[in-house]
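Take a look at the structure set out below.
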Amino acid sequence: MVLPSLRHGILVLLLTPIAAAAEPCGETSAPIIPISSIQGSSDISPLSGKTVTVEGIMTRDARGKGGFRGFYLQQADHLTDSDPDTSEALFVYTGRKQGRPEQRIRVRGTVKEHYGLTELTNIQDIHVCGQGTMPAPLHLALPWPRDPESFENMRVVFDAPLTVIDTYNLARFGELALSNGDRVHPNESGSPIASETDELLLDDGQSRQNPHPIPWPPRGLSVGNTVRAGDTLQRVAGILDYRFNSWRIQPDQPPEFIASNPRKPAPERPAGDHLRIVTQNLHNMFNGDGQGNGFPTARGAHSADAFRRQQQRLVAALTAPNPDILALSELENDGYGADSAAHSLANALGPAWRLVTTPEEDGEDAIRTAILYRSDRVTPVGSPKRLTSGAFSNRGRPPLAQTFRRLGGQLAVQVVAVHLKSKSCRGASGADSDQGQGCYTNRRVQEAKSVTDWLASSPTPDKLAGTLITGDLNSYAREAPVREFEKGGYTSMLHHFHPCTDQHCPHYTYRYKGEKGSLDYALASTPLVDHMVDVRSWLINADEPRALGYQGPAATSSARPWRSSDHNPLIIDIAL
């Protein structure tokens with residue numbers, strides 16, 4: 001398949017036989033058709049449906065168990081044509097056993113376009129003509145210099161490093177998405193939408209699902225041997241293949257994996273009198289019936305063991321930054337009793353931790369926002385409040401507000417934990433459909449306005465330094481819900497301290513389809529801005545393969561923070 005701008009139309013080809021081989025080989029009555037004549041310069045072979053005889057060098061054997069039931073055949077270097085738009089290789093779909101890599105093979109079969117892959121099928125004859133010379137790999141780079149159809153099934157090598165941008169299908173299909181650099185979501189940075197011409201999949205040469213061990217990185221994926229989005233690969237080389245609607249490389253040998261985005265410890269607390277707040281989406285923390293039963297849960301853990309792993313990791317992630325206050329989302333909405341998820345988390349965090357409780361006001365959603373605090377460091381001021389009117393009347397996750405003062409301090413800060421409507425398009429239609437910012441954008445805008453109106457109309461506590469709205473807004477920085485908060489007088493402090501461009505975005509909380517950005521925020525009211533020391537993300541989750549998640553195929557019981565959730569936490573430091 002070729003890009004529309006590069007299509008030339010199907011050429012009228014003269015099927016000139018290749019010059020005679022050095023010695024007879026197999027059936028000699030039929031002319032040998034150049035592979036480039038079979039490929040043509042269009043997305044469909046001009047000889048599709050025709051029976052042809054071809055000869056070339058076997059470059060890769062994919063007939064083994066779990067393979068693609070065939071092999072790759074490429075024209076010998078001295079017999080290639082001069083047209084850069086025609087590939088010199090094709091796939092031979094067969095289970096016959098003749099031949100091995102680097103041998104000269106003559107094959108007779110029928111040309112077929114199989115979901116965009118040009119191949120020979122219905123093989124009538126395979127004959128090994130003797131030892132050949134492996135064709136030299138073609139040196140490429142991303143973005144593609146021209147339509148990759150021109151290189152289909154050929155040996156290629158990428159000399160420049162390629163960046164891992166997505167690990168989503170690593171455990172299921174053994175593949176990594178690569179590009180010529182990391183990608184930032186266009187609604188985060190204002191950059192143009194990334195093109196698929198910048199992307200390539202590193203495959204594992206297998207057609208079966210759920211490979212074991214998980215093939216990448218070399219020696220197999222584990223908690224101690226990971227590959228993270230943002231890492232780079234050196235000298236990616238192999239066969240350029242087209243399967244399942246994607247261009248992919250079937251590697252000759254494992255590329256070199258470089259930890260360009262290494263795991264880092266939690267940021268140290270700054271000196272001086274300040275509060276540290278950690279904001280985290282818990283990725284559906286549900287604890288069953290609270291007594292070790294009640295699994296699988298509606299949204300979270302499938303078993304008691306999985307829940308233990310989840311809670312262990314979350315506690316490691318939440319405590320490592322040494323916070324005073326936690327603002328959380330996606331916690332099971334099951335009250336505050338001894339068997340509740342909230343109580344389980346507070347107990348696991350340690351004896352100093354307390355819950356902010358709002359019985360009967362947490363809404364009807366299966367999940368809720370929550371605030372916990374260290375009673376040996378901060379004290380609540382006044383009573384907590386939930387917003388249950390406006391856009392949160394009888395729907396959504398009601399925001400939770402609580403004011404805190406550092407023990408021994410004078411000034412207070414109001415913390416508001418929020419979780420806006422998801423971008424998911426389930427049930428969306430009409431104005432709620434995706435208009436470029438995910439589904440339900442108008443709903444999120446209404447929720448943002450309800451929050452700012454609520455806070456503007458609420459009494460201001462004495463000696464209040466300001467208000468911090470924090471949580472999962474399900475919105476990137478340039479989207480309408482964030483703009484609505486800005487209109488209400490709030491500033492995204494993550495972007496204030498660490499702005500994103502299409503070339504540089506060091507702090508983010510989420511990755512989706514190979515693009516990074518922030519869905520989670522620390523929004524400071526105007527008076528609070530001058531008290532803000534820093535807001536940053538701790539890159540422990542979004543870049544890690546989901547296979548390492550608490551109930552992924554590579555899960556372990558290690559109480560480490562890595563892949564404790566699908567969102568990275570925000571670490572917020574406020575001088576008070």
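Read the figures in this text as sums done on the coordinates, not as results from a lab. As the structure is a computational prediction, the values presented were derived from the model and not from experiment. With ideal geometry, Cβ positions are generated from the backbone for all residues, glycine too; neighbour counts draw on all protein chains shown.
Provide the percentage of antiparallel DSSP beta bridges, counting only those with both residues in the range 362-475; round to the nearest 5.
On the way: 12 of 20 bridges.
Counting DSSP beta bridges with both partners in the range 362-475, the antiparallel share is about 60 percent.
Treat each spin label as a single point 7 Å out from the Cα along the C-beta direction, and report the Lys487 to Gln503 distance in nm.
3.4
How much FRET efficiency would the formula 1/(1 + (r/R0)^6) give for Ser246 and Thr51, where r is the Cβ-Cβ distance and R0 is 35 Å, rounded to 0.05? Don't jump to the answer; show the numbers that get you there.
Details: r = 30 Å, r/R0 = 0.84.
That gives a FRET efficiency of 0.75.
For the range 463-576, what is the per residue volume of the convex hull drawn over the alpha-carbon atoms, in cubic angstrom?
117
With runs of 4+ DSSP H residues as the only contributors, calculate the mean residue ellipticity of the chain at 222 nm using -39,500 (n - 2.57) per run, divided by the residue total and rounded to the nearest 500.
Working: 9 runs with 72 residues, N = 576.
One gets -3500 deg cm²/dmol as the mean residue ellipticity at 222 nm.
Which FRET efficiency value, to the nearest 0.05, is calculated for Ala352 and Ser457 with the Förster distance at 51 angstrom and r the Cβ-Cβ distance?
0.90
By per-residue mean of other Cβ atoms within 10 Å, what is the highest-first order of 178-190, 341-353?
Values: 178-190: 21.3, 341-353: 17.6.
Highest mean packing first, the order is 178-190, 341-353.
Pulled fully out, how much extra length does the chain show between Asp289 and Gln253, if you take 0.36 nm times their separation in residues and subtract their Cα-Cα distance? It would help to have the intermediate numbers written out before the result.
Values: separation 36, 0.36 × 36 = 12.96 nm, distance 4.92 nm.
Residue separation times 0.36 nm, minus the Cα-Cα distance, leaves 8.0 nm.
List Met154, Met532 from most exposed to least, where exposure is judged by having the fewest other Cβ atoms within 10 Å.
Values: Met154 25, Met532 21.
Least crowded to most crowded, the residues run Met532, Met154.
Step through the table entries Lys385/Lys513; Lys50/Lys97; Lys423/Lys463; Lys112/Lys516; Lys385/Lys516, compare each Cα-Cα distance with 31 Å, and write down the pairs that go over it.
On the way: Lys385/Lys513 37 Å; Lys50/Lys97 24 Å; Lys423/Lys463 38 Å; Lys112/Lys516 39 Å; Lys385/Lys516 33 Å.
Flagged as over cut-off: Lys385/Lys513; Lys423/Lys463; Lys112/Lys516; Lys385/Lys516.
Take peptides 470-477, 292-299, 305-312 and line them up by average Cβ neighbours within 10 Å, highest first, as a rough protection proxy. All intermediate terms of the calculation are to be shown ahead of the outcome.
Numbers: 470-477: 26.8, 292-299: 13.8, 305-312: 20.4.
Highest to lowest by the protection proxy: 470-477, 305-312, 292-299.
Please compute the length gained on full extension between Ser82 and Thr379, using 0.36 nm multiplied by the number of residues separating them and subtracting their Cα-Cα distance. Kindly include the intermediate steps, with their values, before the conclusion.
Details: separation 297, 0.36 × 297 = 106.92 nm, distance 7.73 nm.
Length gained, Ser82 through Thr379: 99.2 nm.
Out of every Cα pair in the range 145-279, what percent are spaced more than 24 Å from each other? Mind showing how you got there, number by number?
Values: 3401 of 9045 pairs.
Tail fraction, whole percent: 38.
Report the net charge of residues surrounding Gly56, where surrounding means a beta-carbon distance below 15 angstrom and charges are Lys +1, Arg +1, Asp -1, Glu -1.
Working: positive: Arg60, Arg100, Arg104, Arg106, Arg108, Arg155; negative: Glu55, Asp61, Asp77, Asp81, Glu88, Glu102, Glu119, Asp125, Glu152.
Local charge sum for Gly56: -3.
For Lys516, Lys487, what's the fewest-to-most ordering of other Cβ within 10 Å of each Cβ?
Working: Lys516 25, Lys487 11.
The fewest-first ordering by Cβ neighbours comes to Lys487, Lys516.
Counting only the backbone N, which residues of the range 474-499 are under 20 Å from the spot 7 Å out from the Cα of Asp432 toward its beta-carbon?
From the range 474-499, the list is 474-476, 480-482.
If you take the charge dipole of the chain about its Cα centre, with +1 on Lys and Arg Cβ and -1 on Asp and Glu Cβ, which of His504, Pro215, Ile367 is farthest toward its positive end?
Ile367
Within a Cβ distance under 9 Å of Arg228, other residues only, what is the Lys/Arg minus Asp/Glu net charge?
Values: positive: Arg263; negative: Asp231, Asp543, Glu544.
Cβ neighbours under 9 Å give a net charge of -2.
Can you pull the one-decimal nm distance between simple spin-label points at Val223 and Val529, each 7 Å off the Cα toward Cβ?
Roughly 4.3 nm, to one decimal.
Compute the signed sum of charges (Lys and Arg +1, Asp and Glu -1) over the other residues within less than 11 Å, Cβ to Cβ, of Pro34. Display every interim value, and only then the final one.
Values: positive: none; negative: Glu55, Asp81, Asp83, Glu88.
Taking every Cβ under 11 Å from that of Pro34, the sum is -4.
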